[in-house]
Amino acid sequence: MRILLVEDEPDLGTAIKRVLTQESYVVDWAVDGAIAWEYLESQLSLYRLAIVDWLLPGLSGLELVKLLRKKNSPIPVLILTAKDTMADKVMGLDAGADDYLVKPFGMAELLARLRALQRRSPEIQPQKLQVGNLILDYGTNTVFLMNKEREKQVINLTHKEFVLLEYFLRHPQQILSRDQILAQLWELDAEPISNVVAAQIRLLRRKLSASNCEDLIETVYGLGYRFNPVDK
């Protein structure tokens, strides 16, 4: 899942991005409200959640949320702020925010708020995703293979492999180009090497094959890759 983080405090932004990345989120971090709006205008369909500080250079967090809602975007927004009066909370929620977290806060609470937003929004992924005989458990960031005896076998994946497999499972039997995969797996400001997608798919194939899941990811030469699920 891709998240937009808009926070101009370097230490806090770094800490939040680190924690979210450890939880298998792909995070684009903007330090300016105007830059964040450029991200949203050009890549709106990529984001599933936004974490937005109230006081920002360029555009304030409230102005950013109001612009989102004018576009009828359903993206859940969590506002971060040191403003803690009831009037401030009402103002933030009336602007279109879905939740409100007062600084300072613990990272465990931040993650809990994000999980709650995911449960409330029909646009956001469920706790588990199953396609064919593969199951992704978002609560534990674990991948299971369901065998014919209905027993679960764990497949140990890295963060990037987990996100890559999730993308394939969300688009079964569709051809996904290298550029589409790059846009889903790497932050906008990242500069991955030219063969990083092929290398990542090779590693994922190797782990799937070790669990007797060969030929799930097909190379469609000149176009990209296609995931062909196995029936349960």
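Each value in this text was obtained by applying a stated rule to the coordinates, not by laboratory testing. The shown structure was predicted, so the numbers you read here are calculated from the model rather than taken from an experiment. For neighbour counting, all protein chains shown are included, and Cβ atoms are generated from backbone atoms with ideal geometry for every residue, glycine included.
Numbers for the structure displayed
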quantity	calculated
Calculated log₁₀ intensity ratio I(q)/I(0) where the Debye formula runs over C-alpha points of the chain, q = 0.10, 0.12, 0.17 Å⁻¹	-0.51, -0.71, -1.22
With Cα atoms, 0 to 90° folded angle of helix 86-95 axis to the chain main axis	50
Integer Hz, Karplus 6.51/-1.76/1.60 couplings in order for the range 209-219, x for Gly and Pro	5, 5, 9, 6, 10, 7, 6, 6, 10, 9, 8
Cα-centre dipole for the range 1-135 with unit charges at Cβ (Lys and Arg positive, Asp and Glu negative), debye to 20	600
Selected from GLY106, ALA116, ALA95, residue furthest toward positive end of dipole (the chain; charges at beta carbon)	ALA116
Alpha carbon Rg of the range 10-121, scaled by the compact-globule rule 2.2 N^0.38 Å	0.99
Label point distance in nm, LYS128-ASP11, each placed 7 Å from Cα along Cα→Cβ	4.2
Degrees between helix 10-22 axis and first principal axis of the chain (Cα, 0 to 90, nearest 10)	30
Reciprocal mean inverse distance between Cα atoms of the range 16-79 - Kirkwood radius, Å	12.1
Relative contact order of the range 1-83, pairs being alpha-carbon contacts under 8 Å that are 6 or more residues apart, as %	33
The chain - mean residue ellipticity at 222 nm from DSSP helices (-39,500 (n - 2.57) per run, n ≥ 4, rounded to 500)	-12500 deg cm²/dmol
Over the chain, relative contact order from alpha-carbon pairs under 8 Å, at least 6 apart, %	15
Net charge dipole size for the chain [Lys, Arg +1 and Asp, Glu -1 on Cβ; Debye, nearest 20]	880
Rough spin-label spacing in nm, given labels placed 7 Å along Cα→Cβ, for SER60 and LEU93	1.9
Fewest-first sequence of ASP88, ASP98 by Cβ atoms within 10 Å of each Cβ	ASP88, ASP98
Using a Förster distance of 35 Å, the FRET efficiency for ASP84-GLU41 (Cβ separation, nearest 0.05)	0.65
